[in-house]
Amino acid sequence: MKRTIIMFVLSGLVLVTFIVWALNSKMSGGIQEILMMAGGIIVVGFAIFLAVGRARSSARKEPPEDELSKKIMLKASALSYYISIYWWLFLMYISDRVKWESHTLVGAGILGMAIIFLLSWLWTKFFGFRYE
C-alpha cells in the first residue's frame, strides 16, 4: 500500500511541476515543447494507471505483485533496455545534425526511455510471452 500512495504522490507532484513550468515559461508552442509536454503527460498517465491497478488489487485483498505481473515487468524491462540502447545511439547520431542544447537531448533521451518502457510493457502485457 505504501508504494501505491507513493505512486499517486509522485504523479501529482510531476503534474503540478508541469503546470508550473507551463505557466512560468514563455512557451512558443513549438513542436519540441508540445512533444515534451505530451511525453510527460503520457508517462504520468501510465504511472496513474499502474497506481489505480495496485489500489484495486489492495481493495480486493490481493497481493500487490503476483508472479505474472513480476514476469511481465521483468520481460518489459529487459526489452526496453535493449531498445533504449539503440535510442541513445540514434540520439548520439542526430546530435551532430540538430542544434539542440545538450540538456534538451538528455531530457529527450530520458523521456524516450520512459516511453519505450511503456510501449514494451504494453507489448508484453497484450501479446504475452511467445516462445517460452
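The numbers here are math on the coordinates, done by the rules we state, and not lab data. All values derive from a computational prediction rather than experimental measurement. All Cβ positions, glycine included, derive from the backbone under ideal geometry; neighbour counts span all protein chains shown.
Extension gain for VAL106 to ALA22 (0.36 nm times residue separation, less C-alpha to C-alpha distance): 28.3 nm. Rank ALA51, ALA78, ALA22 by mean-square fluctuation in a GNM of the chain with C-alpha springs under 10 angstrom and give only the top-ranked residue. Result: ALA22 has the largest fluctuation of those listed.
For the chain, the alpha-carbon coordinates run over 51, 39, 20 Å along the three principal axes, in decreasing order. Sum up the lysine pairs in the chain that clear both bars: alpha-carbon distance under 22 Å and a spacing of 8 or more or different chains. So the count of such lysine pairs works out to 9. Rg and Dmax of the range 67-132, both derived from C-alpha coordinates alone, stand at 14.4, 46 Å.
Each peptide among 86-93, 70-77 gets the average number of other Cβ atoms lying within 10 Å of its residues, and from highest to lowest they stand as 70-77, 86-93.
Extending 7 Å from the Cα toward the beta-carbon at both GLU33 and MET92 defines two label points whose distance is 3.2 nm.
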